[in-house]
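Participant: After the structure tokens below, expect a handful of questions from me.
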Amino acid sequence: MLLSRCTWYEVKEYLERCDGVIIPAGSIEQHGPIGLIGTDAICAESVSEEAGELANALVAPSLAYAPAPFNALFPGTISISESLFARLAGEVVSALGVQGFRKFYFLNGHGANTEPLESLATRVGGPSIVRVRSWWGFERVSELRSNFFGEWEGMHATPSEISITQNLFRVVSSPLASEPPEKLTPEFIRNHAGDKHGPAHEHMRRFPDGRVGSHSALASKDYGKELLKAAAAAVAEDFIAFVGERRNS
């Protein structure tokens, strides 16, 4: 159930049986030679929508604009400050809270969103009020990513997320993605978790094609279909547990 495609009467009726809402959070940024600019938003939205169908849950419009300053020099990236993103997420929670929503489930598709969303959860009452999950972090999804791509999943423009967009939209081909990128060390991955990639000019010089340890060319539509299904099932189960009980239509 998409909030934007409901009437206010339908939302009022929904609130009589459930006070939880799923809020996708993505980004608009480059994803290498074959990844769509909106990949993070697409993944968060598509997983949320399928999970919403499974859990009979309302899905709010996506928070697509997000902090991505490290990618600011790649054409097409639209980065906003972390403070603005945090305020926007907080305003969304406040607006829905006035109407009777009490449980806010952020389904994340962008590493740099994690910290501000978790800080928001702390400010408004903790994880019992705001839950933050990334679609790739569930056990079954992690297993699939590892089985499909191993160490070549990498950190950015990953074959898993590009597989999902290929399944939903189109396959982009480029010789620039045919060869594997520089493989990342465990230390690099640890130090740069949460998209802590430094200034834009340094990031672009280090990763000129936009991939960060991710062999995007390993992506496939079939993998994307399986990843999307697994992620949606995991999110639906987690959302139902978060709101406390299964709600029937």
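Nothing in this text is a laboratory measurement; each read-out follows from the coordinates by a stated rule. On a predicted model such as this, the values are computed, not experimentally measured, just so you know. Because the Cβ atoms are built from the backbone with ideal geometry, glycine has one as well, and the counts that use them run over all protein chains shown.
Participant: Per residue of the stretch 215-232, what does 6.51 cos²θ - 1.76 cosθ + 1.60 with θ = phi - 60° give for ³J(HN,Hα)? Whole Hz please, x for Gly and Pro, Karplus curve as stated.
Facilitator: Using θ = phi - 60°, the values come out as 8, 4, 5, 7, 5, 8, 4, 5, 4, x, 4, 5, 5, 4, 4, 5, 5, 4 Hz.
Participant: For the stretch 132-237, just say rounded, prolate or oblate: build the C-alpha gyration tensor, square-root its eigenvalues into a ≥ b ≥ c, call rounded for a/c under 1.5, and beyond that prolate if a/b exceeds b/c, oblate if not.
Facilitator: Numbers: a/c = 1.98, a/b = 1.33, b/c = 1.49.
It comes out oblate by the Cα gyration axes.
Participant: I'd like the Karplus ³J(HN,Hα) series for the stretch 152-165: coefficients 6.51, -1.76, 1.60, θ = phi - 60°, whole numbers in Hz, and an x wherever there's a Gly or Pro.
Facilitator: Residue by residue, the stretch 152-165 yields 7, 4, x, 10, 8, 6, 6, x, 5, 5, 5, 4, 5, 5 Hz.
Participant: Here is a follow-up. Of all beta bridges DSSP finds with both residues in the stretch 1-141, what is the antiparallel percent, to the nearest 5? Kindly include the intermediate steps, with their values, before the conclusion.
Facilitator: Working: 2 of 18 bridges.
The antiparallel proportion sits near 10 percent.
Participant: Identify the trypsin sites (Lys or Arg not before Pro) of the stretch 168-249 meeting these criteria: DSSP loop state and at most 13 other C-beta atoms within 10 Å of the C-beta. Intermediate results must be reported in sequence, preceding the final value.
Facilitator: Details: sites: Arg170, Lys183, Arg190, Lys196, Arg205, Arg206, Arg211, Lys221, Lys225, Lys229, Arg246, Arg247; in loops: Arg170, Lys183, Lys196, Arg211, Arg246, Arg247.
Filter output for the stretch 168-249: Arg170, Lys183, Lys196, Arg246.
Participant: Would you mind classifying the stretch 33-163 by shape? Square roots of the alpha carbon gyration tensor eigenvalues, ordered a ≥ b ≥ c; an a/c under 1.5 is rounded, otherwise it is prolate if a/b is larger than b/c and oblate if not.
Facilitator: Working: a/c = 1.91, a/b = 1.32, b/c = 1.44.
Oblate is the answer for the stretch 33-163, as a/c is 1.5 or above yet b/c matches or exceeds a/b.
Participant: Follow-up. Relative contact order, percent, of the chain when contacts are C-alpha pairs under 8 Å separated by at least 6 residues? Could the numbers behind the result be given before it?
Facilitator: Details: 486 pairs, mean separation 66.6, N = 249.
Contact order relative to length: 27 percent.
Participant: On to the next question. Quick one: which residues, 5 or more positions from Leu2 or on another chain, have an amide H under 5 Å from its amide H? H modelled 1.01 Å from N in the peptide plane, none for Pro or chain starts.
Facilitator: Val59
Participant: Next up: Restricting to the chain, compute how many DSSP beta bridges are antiparallel as a %, nearest 5. Provide the component values of the computation, followed by the final result.
Facilitator: Working: 3 of 19 bridges.
Restricted to the chain, the bridges split so that about 15 percent are antiparallel.
Participant: Along the stretch 30-36, what does the Karplus equation 6.51 cos²θ - 1.76 cosθ + 1.60 (θ = phi - 60°) give for ³J(HN,Hα), rounded to whole Hz, x for Gly and Pro?
Facilitator: 4, 9, x, x, 10, x, 6
Participant: Contact order normalised by length for the stretch 1-96, with contacts defined as Cα pairs under 8 Å and 6 or more residues apart; what percent is it? Mind showing how you got there, number by number?
Facilitator: Numbers: 151 pairs, mean separation 29.3, N = 96.
Across the stretch 1-96, relative contact order equals 30 percent.
Participant: Show the residues, 5+ positions off or on another chain, whose built amide H is closer than 5 Å to the amide H of Ile28.
Facilitator: Here Ala66, Ile78 satisfy the definition.
Participant: Continuing with the same structure: Can you pull out the GluC sites (Glu not before Pro) in the stretch 171-249 whose DSSP state is coil and whose Cβ has at most 15 other Cβ atoms within 10 Å? Please report the intermediate quantities before stating the final value.
Facilitator: On the way: sites: Glu182, Glu187, Glu202, Glu226, Glu237, Glu245; in loops: Glu182, Glu245.
Those satisfying the criteria are Glu182, Glu245.
Participant: Something else now. To test your reading of the geometry: what angle, between 0 and 90 degrees and rounded to tens, separates the Cα axis of helix 114-123 from the longest principal axis of the chain?
Facilitator: 30
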